[in-house]
Amino acid sequence: MNNNIEKHSISLYVNNKPGVLIRTSLVFARRGYNIDSLVVSNDSNNPKFSRMNIEATGDTDTLHLMLAQLNRLVDVIHARDLSGEDILQKELSLVKLECPIEKRTELLQIAEAFSAKTIDLTENTITFQIAGSSEKLNRAETLLHGYKIKEIVRTGKVLMTRGEEATA
Amino acid sequence: MSDKKKTGADILLDTIYKNGVDKMFGLPGGAIIPIMDAVKDHPIDFILTRHEQGASHMADGYARATGKPGVILITSGPGATNTLTGIMTAQMDSVPMVIISGQQATSNLGLDTFQEADISGMSYPIVKHSYLITDPKEIPKAINEAFFIASTGRPGPVILDIPKDVANAVIDEDYDDTIDLPGYLAKPELDIDKIKDAAQMISQAQKPIFLVGHGAIISGADKILKTIVEDMNIPITNSLLGKGCFPEEHPLNLGMPGMHGTAYANMALCECDLVVSIGSRWDDRIAASPKEFCAQAKKIHIDIDLVEINKVVKVDIGLVGDAKDVLEKLHKYLEPNDTSKWIKTVNKFRKDYPLKYKKEGKLRAQHVIEEMYNLAGSDVIYTTDVGQHQMWAAQFIKINSPRNWISSGGAGTMGFGFPSAIGAQMACPDRKVVTIVGDGSFQMTLSELSTAVVNKLPIKILLLNNRYLGMVRQWQNLFYENRLTGVDLEGNPDFLKLASAYGAKGFRIRRSSDVRKVLKEALQYNAGPCLIDAVVEQHDNVFPMVPSGANLDKMILGFPQKRKELE
Ligand SMILES: Cc1ncc(C[n+]2csc(CCOP(=O)(O)OP(=O)(O)O)c2C)c(N)n1
Ligand SMILES: [Mg+2]
């Protein structure tokens with residue numbers, strides 16, 4: 001048994017039909033494998049299909065079993081593990097902070113360092129939009145924890161292979 | 001009639017019929033009445049059962065006996081939930097089944113309306129696929145896809161949930177019924193290089209053994225398997241569900257291995273240097289301890305389902321493909337090796353550790369089963385329930401042809417035996433069908449006696465009546481200091497009176513000296529079902545036994561002298 005607990009990035013190409021999300025997530029739930037993030041979007045080139053990006057943490061052997069189980073689903077056209085491959089991956093987060101006037105400059109400086117956009121500003125709050133790799137988002141979050149974070153919402157990772165190769 | 005516009009229900013039945021089905025099992029209710037109404041004038045037979053679980057096992061028996069999908073027709077809510085056990089049973093054993101489930105009207109879905117149950121939601125983990133049809137025009141396409149999915153690849157159950165308004169809707173004839181399944185692969189392509197490697201491994205092995213499972217039967221691999229086994233002189237063992245793919249009376253067949261397998265099959269597995277699984281998935285009743293299982297041997301696994309390769313037991317070569325196709329290719333590259341020494345070893349195991357029981361004295365279940373086999377022979381479809389009687393039947397009944405043995409393996413569903421026999425007899429009216437049931441199991445679905453009587457099915461119900469949930473009693477006896485809890489079937493009915501109340505013929509065996517006579521008489525009775533109540537010794541245990549979770553080398557052959565042996 002390979003018991004490497006790792007975070008995996010899985011990309012799926014699926015039928016755009018009711019129930020597909022349940023069938024997919026049951027494969028993870030049945031083995032007690034947690035889904036950390038999940039993004040579903042319709043394939044605008046062909047609305048009959050959708051793309052899913054799933055991040056999940058667990059051991060590699062189980063992941064391989066689950067990939068086969070995902071591929072076995074009639075509604076899954078294909079499923080691929082993209083972990084460790086050189087792929088494009090981005091995430092976006094919105095961070096709302098408590099921001100009295102005296103903190104504003106300080107926070108705006110941090111925002112600049114992460115090329116975050118200020119998308120809302122009120123008397124007492126400031127909201128940033130940060131985009132980039134999940135690691136970058138994590139670093140920004142760590143730094144912002146020194147302030148009063150009111151809310152954070154993250155999209156989950158979206159993936160795409162480089163060049164000519166199709167993603168899933 | 002001809003200018004009558006067709007409804008969703010009509011098209012549904014027409015499409016089912018076109019898929020080669022002439023019988024459906026089920027029980028109606030409000031949500032399915034539109035379809036029942038269309039059944040009235042349709043050439044498809046509807047067989048009314050007494051419980052939907054019965055219907056599901058009948059469809060299962062029908063499918064296992066023929067290879068064709070079994071179809072059930074049931075109503076929404078409780079009707080549908082009553083079939084879940086049967087659907088899970090079919091899924092576990094890769095049995096093709098199509099379930100037509102009536103549903104509340106589309107506009108009522110999700111509103112807790114009368115008898116509305118989200119059957120799709122409840123069944124996702126136990127089906128191969130499912131459809132909730134909301135557009136009547138989708139019916140023919142969905143039915144064709146359902147039959148295709150159910151019966152190809154690794155077969156399994158497919159549910160079609162059909163709201164009442166969809167069944168009622170009038171449909172134009174210009175519908176599209178072509179299968180469109182981009183995510184489904186019915187037949188994986190073979191990897192010839194790997195097949196060559198496997199052929200070399202098999203040709204070079206000194207002590208090879210085949211482990212044959214249900215997959216081999218499903219794919220129709222029996223002929224090519226026989227050719228290979230005989231050309232190569234390789235001993236074989238078959239899983240509970242693999243019984244019959246290769247004749248069990250053949251001198252190279254060691255019968256079933258595993259928890260209650262024959263000692264010689266288990267010993268051969270512990271001694272071999274190569275084990276080739278052909279459509280058997282190293283179930284935990286055989287490979288309870290995957291790492292220790294045949295640790296001394298190389299392993300090859302042939303399976304149509306990629307998921308099964310390396311799922312539990314890690315293998316040296318995994319060949320994904322239909323067992324028959326793989327074996328046919330493999331055969332071309334095989335070169336016989338001298339296995340005569342190995343065969344000698346195996347035959348010595350067989351001679352030294354035979355299956356045995358006491359024939360004299362009290363009436364033994366094994367005796368009744370073996371005598372049934374001696375009298376009825378092997379050109380019979382045997383079905384079983386689950387428990388001790390099932391294991392004894394697997395040990396003592398030799399199956400020589402595929403689809404002559406029907407038993408719930410993966411799920412171990414009590415109550416399966418009798419209805420599956422009804423399904424098998426319906427599918428094969430000219431065959432002799434014997435079902436071996438336990439007193440506990442039989443009581444779970446015995447209401448189907450009506451179904452068997454009404455349809456005059458000459459099924460022989462051999463009831464091994466030990467007044468216990470025997471298999472559980474055995475575990476409590478061996479592993480829980482005989483602290484028997486919840487296993488005494490006190491209050492069993494008088495099964496003869498029960499049979500007669502249903503209008504079925506009854507026989508009883510109490511003494512070992514009567515076994516032959518009564519069984520002979522019962523086998524002659526063909527006017528309808530008959531029940532043979534064999535009142536057997538209560539406290540016998542099934543041996544050999546490999547304790548749960550242990551490797552095959554921990555097998556115990558009989559009641560241990562010291563309890564220590566069990567630990
Ligand atoms: C539906 C169901 N419930 C419970 C069990 C657990 N179980 C396995 S064997 C068995 C005893 C079966 O009793 P019986 O049919 O009388 O057969 P015997 O073992 O006595 O031959 C039980 C309760 C099961 N397999 N299926
Ligand atoms: Mg019993």
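The values are calculated or read from the model by the stated rules, or taken from the named source; none is laboratory data. No experiment lies behind these values; they were computed from the predicted model shown. Positions of Cβ are backbone-derived with ideal geometry, glycine not excepted, and every protein chain shown enters the neighbour counts. The area values use the complete protein model at the heavy-atom level, side chains included, leaving out ligands, DNA and RNA. Shrake-Rupley method; radii C 1.70, N 1.55, O 1.52, S 1.80 Å.
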Next on the checklist: Can you compute the modelled spin-label distance between B:D316 and A:K48, with each label point 7 Å from Cα toward Cβ, in nm?
Outcome noted: 4.5 nm
Next on the checklist: Can you list residues from other chains, or at least 5 along the same chain, whose modelled amide H is less than 5 Å from the amide H of B:G70?
Outcome noted: B:A63, B:M97, B:V98
Checklist entry - Could you give the accessible area per residue of the protein assembly as shown, probe 1.4 Å, as a whole number in Å²? => result 42 Å²
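Could you calculate the FRET efficiency of B:L496 with B:D430 from 1/(1 + (r/R0)^6), where r is the beta carbon distance between them and R0 is 35 Å, rounded to 0.05?
0.80
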Next on the checklist: Place a point 7 Å from the Cα of B:E335 along the Cα-to-Cβ direction; which residues of segment B:184-215 have their backbone N under 18 Å from it?
Outcome noted: B:193-208
Item to check | Using θ = phi - 60° and Karplus 6.51 cos²θ - 1.76 cosθ + 1.60, couplings along segment B:211-226 (whole Hz; Gly, Pro as x) | outcome: 10, 9, x, 4, x, 5, 5, 4, 7, x, 8, 4, 5, 5, 4, 4
Item to check | Built amide H within the under 5 Å cut-off of B:D45, gap 5+ | outcome: B:K23, B:M24
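When you look at the Cβ of every residue in B:311-323, what mean number of other chain Cβ atoms sits within 10 Å? Before the final figure, lay out each step's value.
On the way: counts 5, 1, 0, 2, 0, 0, 0, 0, 0, 1, 0, 0, 0.
If you average over the peptide's residues, the count of other-chain Cβ atoms is 1.
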Checklist entry - Just counting partner chain Cβ atoms within 10 Å, what average do the residues of peptide A:15-24 show around their Cβ? => result 3
Checklist entry - Per residue of the protein assembly as shown, what 222 nm ellipticity follows from adding -39500 (n - 2.57) for every DSSP H run with n ≥ 4, rounded to the nearest 500? => result -10000 deg cm²/dmol
Next on the checklist: Before we go on, tell me the buried accessible area for the B/A pair, both chains summed, 1.4 Å probe, in Å² to the nearest 100.
Outcome noted: 1400 Å²
Next on the checklist: Taking θ = phi - 60°, what integer Hz values does the Karplus form 6.51 cos²θ - 1.76 cosθ + 1.60 yield along segment B:239-252, in sequence order, with x for Gly and Pro?
Outcome noted: 5, 3, 8, x, 4, x, 5, 10, x, 6, 8, 5, x, 8
Checklist entry - If you project the alpha carbons of segment A:1-131 onto their three principal axes, what span does each projection cover, largest first, in Å? => result 57, 39, 27
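Pulled fully out, how much extra length does the chain show between B:R510 and B:Y480, if you take 0.36 nm times their separation in residues and subtract their Cα-Cα distance? Provide the component values of the computation, followed by the final result.
Numbers: separation 30, 0.36 × 30 = 10.80 nm, distance 3.00 nm.
Result: 7.8 nm gained on full extension.
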Item to check | segment B:260-408: C-alpha gyration tensor shape, a/c 1.5 cut-off, then a/b vs b/c | outcome: prolate
Next on the checklist: I'd like the per residue volume of the convex hull spanned by the Cα atoms of segment B:1-95, given in cubic angstrom.
Outcome noted: 93 Å³
Checklist entry - Among B:293-300, A:126-133, how do they line up from the highest to the lowest mean number of other beta-carbon atoms within 10 Å? => result B:293-300, A:126-133
Checklist entry - For segment B:8-168, rounded, prolate or oblate, judged on the Cα gyration tensor with a ≥ b ≥ c (square roots of eigenvalues), a/c < 1.5 rounded, else prolate if a/b > b/c? => result rounded
Item to check | Cα extents of segment B:320-459 along the three principal axes, largest first (Å) | outcome: 56, 44, 28
Checklist entry - Rounded to a whole number, what % of the accessible area of segment B:8-168 do carbon and sulfur atoms account for, probe 1.4 Å? => result 53 percent
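Expressed as a whole percentage, what fraction of the accessible surface of segment A:7-158 belongs to carbon and sulfur atoms when a 1.4 Å probe is rolled over the protein heavy atoms?
On the way: 4050 of 7850 Å².
Result for segment A:7-158: 52 percent of the exposed heavy-atom area is carbon or sulfur.
Taking 0.36 nm per residue of separation and subtracting the Cα-Cα distance, what length does fully extending B:L48 through B:S401 add?
124.0 nm
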Next on the checklist: Sequence gap at least 6, Cα distance under 8 Å: using those rules, report the relative contact order of chain B to the nearest whole percent.
Outcome noted: 14 percent
Checklist entry - Ordering B:S447, A:S115 from largest to smallest accessible area (1.4 angstrom probe), what's the sequence? => result A:S115, B:S447
Checklist entry - So how do B:543-550, B:129-136 stack up, highest first, on mean other-Cβ count within 10 Å? => result B:129-136, B:543-550
Next on the checklist: Residue by residue through A:63-75, how many Cβ atoms from other chains fall within 10 Å of the Cβ on average?
Outcome noted: 5
Checklist outcome for this item: Long-range amide H partners of B:I399, meaning residues 5 or more apart or on another chain whose placed amide H is closer than 5 Å, are B:G244, B:E248
Checklist entry - For the protein assembly as shown, what percent of Cα pairs sit more than 43 Å apart? => result 36 percent
Next on the checklist: Which order do the peptides B:244-253, A:102-111, B:515-524 come out in when sorted by mean C-beta neighbours inside 10 angstrom, highest first?
Outcome noted: B:244-253, B:515-524, A:102-111
